[in-house]
Amino acid sequence: MHQSYNKLREMGNTIKIFIGLVLTGLMMFSSCNTKDVKTGSTELDQRVEDLLSQMTLEEKIGQMSQVNGGGPVVSEEMKEELRKGKIGSILNEVNVENINEIQRVCVEESRLGIPVIIARDVIHGFKTVFPIPLGQAASWNPELIQEGSRISAAEASSSGIRWTFAPMIDISRDARWGRIAESLGEDPYLSAQLGAAMVKGFQGEDLSNETSILACAKHFAGYGAAEGGRDYNTTLIPPRELRDIYLPPFKAAVDAGVRTFMAGFNDIDGIPATANEFLFRQVLREEWKFDGFVVSDWASPWELMNHGIAADEKEAAQRAINAGVNMEMATTTYKDNIEALLKEGLVSEETINQAVREILRVKFELGLFENPYLAPEKQYQFAKAEYLASAKEAATQSMVLLKNEQQLLPISKSQKVALIGPMADQPYEQLGTWIFDGDSTLSVTPLDGLKQALGNKMGFAKGLAISRTRHHKGFKEAVRLAKRSDVIVFCAGEESILSGEAHSRANIDLPGAQNELIKELKKTGKPLVLVVMAGRPLTIGEIGEYADAIVYAWHPGTMGGAALADILLGKANPSGKLPVTFPKVVGQIPMHYNHKNTGRPANPNSWTQMYDIPVKAPQTSLGNESHYIDAGYTPLYPFGYGLSYTQYEYSNVVLNNSVYAIDDTLKVSFTLKNTGKYDGTEIAQMYVRDLVGNVSRPVKELKGFARVSLKAGEQKEITLELPIANLSFHNEKMEEVVEPGDFNLWVGGDSNAELMTSFTVTK
Ligand code: NOJ
């Protein structure tokens, strides 16, 4: 333990250092968070201060630098930098032998023996891959999501990784944006609940446990508002919308104990996130009291020059450091310029000390000083049976049944199934974006899953080699198979590379010749189940007409095919609900359920489809309301939507009161009945509308939900709670307020919920 401390002693350093180290060593045996009554500082604070006081400027700058690792062995060049204390963190190193060697060099051969933090993007699984985050969000199941993140942490940490760059909690209202796949959807409340669950899962109960990894709330802030859905694009987010829509999931992450944040690539109204003092100093630290640390995104300080707000690297570093970004990822503007910036007084010594202090604190919390190495018996713990079972459950709960005409699903085992489509047997593609370490040899594809369940009661023809295939060579074989079968299951979608970072699409129809093949297959007259495996909502409105049933499976991860087989064959009853609105056509985007009413809201009675408008109709004869004359005003599927093999009925909505004070908690009760023939789980949702505000308010806001399991025919009384304080928003003066007034409240199975009651909030 702490061999570097012994080494220092041998080297005959000053008595001051020696005493400091002995004290630090002693403190390690007692709780780090006990406060000194007189000074108010904790033992952890003292350990941090003690170490900080011994550091040279070069060593401090080192802590603020994160470098890229990887490669078969640790290079001599990197070892030399580690010896000099010039590296604070390494990303993308996943080999435990290398990681142990890196830590050994830090601990034994550097002056102060400070270990590095090994970081990696573990976004929705490590070797065992869970559904893409957007898919996981469709489960509306915080416990299950927490369990998945815990498993990801266990697998990743068994590779020596102690920091993931997740959860990504950027509100995403634009399906063109490739990174919507990584998000938890469009809603602040749902994203907050699920993001917090991820934080708890990654970090575990005790950060110093070697299976815990640091979570990182990213990308602070507003990255998901990229104009036109084009990745990295500029954003224009009005301050009120920033506070009420984009920031709540980040606040929830802080409340859940997240220890790191990442700065976004985007600018907001001209201020790049990486140079945004308002976000990192005022909101994150002053208002939210966050005392972890902030890492930049890859090269984002350097990119301040591309944004045109820094003339050179020195100015770029100055702006990012002063904004409160502690650590620079990948580029070296900090390393190369801090000394000069200090000399010229452009960055203060206290700013540097504080940046380093926050990093050291987290390193202590991680237990890295006590346990820098990973023992051989704890290494490479992957794909255990319970991990795969959890991934299967997550995939099952993420799948959303969008359509089921004449109860086509579930398919009876006596029916002969024709499995067709470019995503039906793609072990790699079904894993989705951001799976650096995902092991596609573990994948159970839809073909594997259905074969296992049906044996020779099914046939398979790809029809199209991959999702982008445009030629029709495989059509004949696919049609022949369909004709010999009772039901067609068509696995459509997009390959994983078509979503994710830098992979935005302007047209979000099914790519390649998939639509044509579906139309050909439909001509056989056989019922058709459309399964969509994709990283975003695709515009399947028109092609969906050719399908009798639709299952939205997202990119479902390792166990996707096994989960899908259970759903299609009725072993599992779908319960997923959309975490994002599905537009009919791309031109409707951005489209989200919690929109404003406008002065001229759409009116179902006056909306006329473009082709039905009489020739030479007078200008105002069709009314003047907010809609598209070709696409209307409703989405293809609303937020919160998802069917089941059974049906649910909501009734008897009752409030525990009709008038509430601001510190009250509202309780809404209602009866939820399973009126169908299958057991199932319904995600019951509560929405609220503030009827008159000082500023215009959304037409509906999700404020609570519950997963309710009901046997066929069973009914339950459900109660959801709403602390009235949760009705707050930012008024004209940007004060966070709950305004007295009247509210409507709905309960139901999606954001079109109709069962309504009302209440009043008083002063
Ligand atoms: C860039 C991405 O924006 C970020 O989300 C990711 O964590 C880093 N690269 C590291 O790979």
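Taking the conditions exactly as written (in contact (Cβ under 8 Å) with a residue 60 or more places away in the chain, over 25 Å from Gly224 (Cβ atoms) and surrounded by 23 or more Cβ atoms within 10 Å (Cβ to Cβ)), does Ile145 satisfy them or not? Spelling it out, it is not the case that Ile145 is in contact (Cβ under 8 Å) with a residue 60 or more places away in the chain, over 25 Å from Gly224 (Cβ atoms) and surrounded by 23 or more Cβ atoms within 10 Å (Cβ to Cβ).
Each row is one residue, and each column tells you yes or no for (1) surrounded by fewer than 21 Cβ atoms within 10 Å (Cβ to Cβ); (2) in contact (Cβ under 8 Å) with a residue 60 or more places away in the chain.
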| position | (1), (2) |
| --- | --- |
| Pro188 | no, yes |
| Ala192 | no, yes |
| Ala196 | no, yes |
| Ser208 | yes, yes |
| Thr234 | yes, no |
| Leu247 | no, no |
| Ala252 | no, yes |
| Val258 | no, no |
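When Gly525, Gly557, Gly587, Gly541 are checked against the criterion of being at pLDDT 95 or above, under 28 Å from Gln452 (Cβ atoms) and not aromatic (Phe, Trp, Tyr), a single residue qualifies: Gly557. Applying a threshold of 7 Å to beta carbon distances and a minimum spacing of six or more residues, or different chains, the list of pairs starting in the stretch 302-331 at a residue that is within 16 Å of the ligand (Cβ to nearest atom) and modelled with pLDDT of 95 or more and ending at one that is of a type in the set (Val, Ile, Thr) and in a loop (DSSP other than H, G, I, E, B) reads Trp302/Thr331.
Yes/no matrix, rows are residues, columns are (1) open to solvent by 30 Å² or more (accessible area, probe 1.4 Å); (2) not β-branched (Val, Ile, Thr):
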position: Ser499; (1), (2): no, yes
position: His503; (1), (2): yes, yes
position: Pro511; (1), (2): no, yes
position: Ile518; (1), (2): no, no
position: Lys523; (1), (2): yes, yes
position: Pro537; (1), (2): no, yes
position: Glu542; (1), (2): yes, yes
position: Glu545; (1), (2): yes, yes
position: Ile550; (1), (2): no, no
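Of the residues Glu495, Glu542, Glu516, the single one that is among the acidic types (Asp, Glu) and touching an Asp or Glu at 6+ places or on another chain (Cβ under 7 Å) is Glu495.
Residue under question is Ser183, and the condition is that it be crowded, with 24+ Cβ neighbours inside 10 Å and touching an Asp or Glu at 6+ places or on another chain (Cβ under 7 Å); does it hold? Answer is yes for this residue. Screening the stretch 333-424 for helices (runs of 4 or more DSSP H) wholly inside it with 1 or more residues that are under 27 Å from the mean Cα position of the chain (by Cα) returns the ranges 349-365, 385-398. In this structure, is Asn233 within 20 Å of the chain's Cα centre (by Cα) and in a loop (DSSP other than H, G, I, E, B)? Yes, satisfied. Among the residues making up the stretch 89-115, those that are within 16 Å of the ligand (Cβ to nearest atom) and open to solvent by less than 10 Å² (accessible area, probe 1.4 Å) are Ser89, Ile90, Leu91, Glu93.
Only one of the numbered conditions (1) more than 21 Å from the chain's Cα centre (by Cα); (2) within 16 Å of the ligand (Cβ to nearest atom); (3) of a type outside the set (A, V, I, L, M) is violated by Gln282, and that is (2). Just one of the numbered conditions (1) among the polar types (S, T, N, Q); (2) open to solvent by 30 Å² or more (accessible area, probe 1.4 Å); (3) touching a residue at least 12 places away in the same chain (Cβ under 8 Å) is not true of Asn456: (3). Whether a residue is within 16 Å of the ligand (Cβ to nearest atom), of a type outside the set (Phe, Trp, Tyr) and touching a residue at least 60 places away in the same chain (Cβ under 8 Å) was assessed, and Glu182 passes this test.
Only one entry in Thr620, Thr598 is open to solvent by 10 Å² or more (accessible area, probe 1.4 Å), without any contact (Cβ under 8 Å) to a residue 12 or more places away in the chain and of a type in the set (Val, Ile, Thr), namely Thr620. Taking the stretch 731-763 as the region of interest, how many residues are buried (at least 18 other Cβ atoms within 10 Å of the Cβ) and touching a residue at least 60 places away in the same chain (Cβ under 8 Å)? Number of matching residues: 11.
So which residues in the stretch 537-571 are part of a helix (DSSP H, G or I) and aliphatic (A, V, I, L, M)?
Ile543, Ala562, Ala563, Leu564, Ala565, Ile567, Leu568
The set of residues in the stretch 138-158 that are in contact with a Lys or Arg (Cβ under 8 Å, 6 or more places away or on another chain), within 16 Å of the ligand (Cβ to nearest atom) and not hydrophobic (A, V, I, L, M, F, W, C) contains only Ser149.
Residue under question is Pro239, and the condition is that it be in contact with a His (Cβ under 9 Å, 6 or more places away or on another chain) and open to solvent by 10 Å² or more (accessible area, probe 1.4 Å); does it hold? Criteria met by Pro239.
A quick yes/no check of all residues on (1) more than 20 Å from Gly222 (Cβ to Cβ); (2) hydrophobic (A, V, I, L, M, F, W, C); (3) open to solvent by 60 Å² or more (accessible area, probe 1.4 Å):
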| residue | (1), (2), (3) |
| --- | --- |
| Leu284 | no, yes, no |
| Phe290 | no, yes, no |
| Asp297 | no, no, no |
| Glu303 | no, no, no |
| Asn306 | no, no, yes |
| Glu313 | yes, no, yes |
| Met327 | yes, yes, no |
| Ile338 | yes, yes, no |
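Would it be correct to say that Arg173 is at pLDDT 95 or above, within 12 Å of the ligand (Cβ to nearest atom), charged (D, E, K, R) and under 29 Å from Arg505 (Cβ atoms)? No.
Please go through the stretch 116-137 and pick out each residue that is closer than 22 Å to Gly704 by Cβ and either part of a strand (DSSP E or B) or within 16 Å of the ligand (Cβ to nearest atom) (or both). Within the stretch 116-137, Pro133, Leu134 qualify.
The values are calculated or read from the model by the stated rules, or taken from the named source; none is laboratory data. These numbers come from a predicted model, not from an experiment. Here Cβ is always computed from backbone atoms with ideal geometry, including for glycine, and neighbour counts include all displayed protein chains. The accessibility values were calculated without ligands, DNA or RNA, using every heavy atom of the protein model including side chains. Shrake-Rupley method; radii C 1.70, N 1.55, O 1.52, S 1.80 Å.
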